[in-house]
Amino acid sequence: MRTGAITLSIGSHSENVFLIGLAINKIAASIPVTEQAAFEMEVAVVEAVNNAIEHAHHHNPAKQVTVEVRLETDIVRFTIIDQGAPIDFEAAMDAAAGMENAPQIERGRGFGIIRALMDEIKYQRNGCANYVTLLKYLKQPSEP
Amino acid sequence: MHLEEQIDGKALVVKLLDSRFDASTAPMVKERFAALIGEGHQQIALDMSEVEFIDSSGLSAAVWALKRLGDGGELVISGPRGTVMSILRLTRLDKVFRIFPNKETAVAALRR
C-alpha cells in the first residue's frame, strides 16, 4: 500500500462538506479496504467536520475546518482541526455510548456514528484549536 | 435537494433525487416535510433509492418528520441502498422506521 499525507481545508459552510467526503472516499478507495469501509470512513469524517462547523464554528464560513489525512502502512489517521471552544470529549463519548438505547432521538448521533465506525477516537486541545483524530486499523494481507 | 412527489391513493411518495442526504440538503427536506404534513399528508413513503450517502443530519430530518406525524400518521422508507441501510442499522433506525425494498411495496403497506 502507498503511504502519504494530505491536508484539506474548507470554510465552515455545510455546502462545502461533500467535497471533503468525496475526497476521503476516493483516498480510502485507493487502499486495501472494501467499498463499505471506504464509505464508513467518509461518513465518520463528514460527521466530525459537521460537528466542527456546527458546534465549534457556529457556521461561520470565515473559519476553516482542516482535515489531515495520513496513510500509513497499517493505519489511516484522519485529524479534524477547528478553532472552536474546547470540547467536553468525555461527555460527548458518554452521549455517544447512549445512542444504541435511544434510536428515536432527533439529534446528537454524530459522535455515536463515529465511535461505531472507527477503531479509535482521540481528542487533544492544542492552543486555541481542537484536534479530533479518527483511527482506522488496516488488516495486513497475511491476516486471516 | 431535488424532490419528486407522487400521490398514490392515501400515500404520498417523496423521492430524494440527489445522491447525498446530508447537512446541506437535510434542512430543505425537513422544510418540505413540514409543508406536506401541514397540508394533511399522513402516510408518507420516503424513497431513498437514489441516495448513496447519508449522515446524521439526513437521519435527523427523517426522524423529525416521523415524530411530527405522530400517532395518526406514518413515514416509511423505501429503496435504501446497501450503504444507507448499513447506517440505518448502525443507528438502530431500522427498528424505528418500517423499511421496504421499493416504493411499490412501501405504498402497498401504507394502504393497508
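The values are calculated or read from the model by the stated rules, or taken from the named source; none is laboratory data. Small disclaimer: the values here were computed from a predicted structure and weren't measured. All Cβ positions, glycine included, derive from the backbone under ideal geometry; neighbour counts span all protein chains shown.
On the given criteria, is A:A37 within 13 Å of another protein chain (Cβ to nearest Cβ) and either on the phi > 0 side of the Ramachandran plot or in contact (Cβ under 8 Å) with a residue 60 or more places away in the chain (or both)? Criteria met by A:A37. Among the residues of segment A:22-34, are any away from chain B (no Cβ under 11 Å), in a helix (DSSP H, G or I) and surrounded by fewer than 14 Cβ atoms within 10 Å (Cβ to Cβ)? Scanning segment A:22-34 turns up at least one residue that is away from chain B (no Cβ under 11 Å), in a helix (DSSP H, G or I) and surrounded by fewer than 14 Cβ atoms within 10 Å (Cβ to Cβ). Any residue that is modelled with pLDDT of 95 or more, more than 27 Å from A:I24 (Cβ to Cβ) and among the aliphatic types (A, V, I, L, M) - is there at least one of those in segment B:16-32? Checked segment B:16-32: no residue is modelled with pLDDT of 95 or more, more than 27 Å from A:I24 (Cβ to Cβ) and among the aliphatic types (A, V, I, L, M). Scanning segment A:52-73 for residues that are buried (at least 24 other Cβ atoms within 10 Å of the Cβ) and touching a residue at least 60 places away in the same chain (Cβ under 8 Å) turns up just one, A:A52.
Could you identify the single residue in A:I10, A:I81 that is away from every other protein chain (no Cβ under 14 Å) and over 28 Å from B:V96 (Cα atoms)?
Being away from every other protein chain (no Cβ under 14 Å) and over 28 Å from B:V96 (Cα atoms) holds for just one of A:I10, A:I81, which is A:I81.
Hey, does segment A:7-14 have a residue that's touching a helix residue (DSSP H, G or I) at 6+ places or on another chain (Cβ under 7 Å) and more than 21 Å from B:S57 (Cα to Cα)? Yes, some residue in segment A:7-14 is touching a helix residue (DSSP H, G or I) at 6+ places or on another chain (Cβ under 7 Å) and more than 21 Å from B:S57 (Cα to Cα). Residues that are buried (at least 18 other Cβ atoms within 10 Å of the Cβ), more than 9 Å from every other protein chain (Cβ to nearest Cβ), under 30 Å from B:L69 (Cβ atoms) and of a type in the set (A, V, I, L, M) within segment A:96-141 comprise A:A96, A:I114, listed in sequence order. The listed residues are A:V49, A:V76, and the only one of them that is modelled with pLDDT of 90 or more, more than 14 Å from every other protein chain (Cβ to nearest Cβ) and buried (at least 19 other Cβ atoms within 10 Å of the Cβ) turns out to be A:V76. Just so you know, in segment B:20-53 the residues that are of a type in the set (A, V, I, L, M) and within 12 Å of the chain's Cα centre (by Cα) include one that is nearest to A:M41 (Cα to Cα), and it is B:V51.
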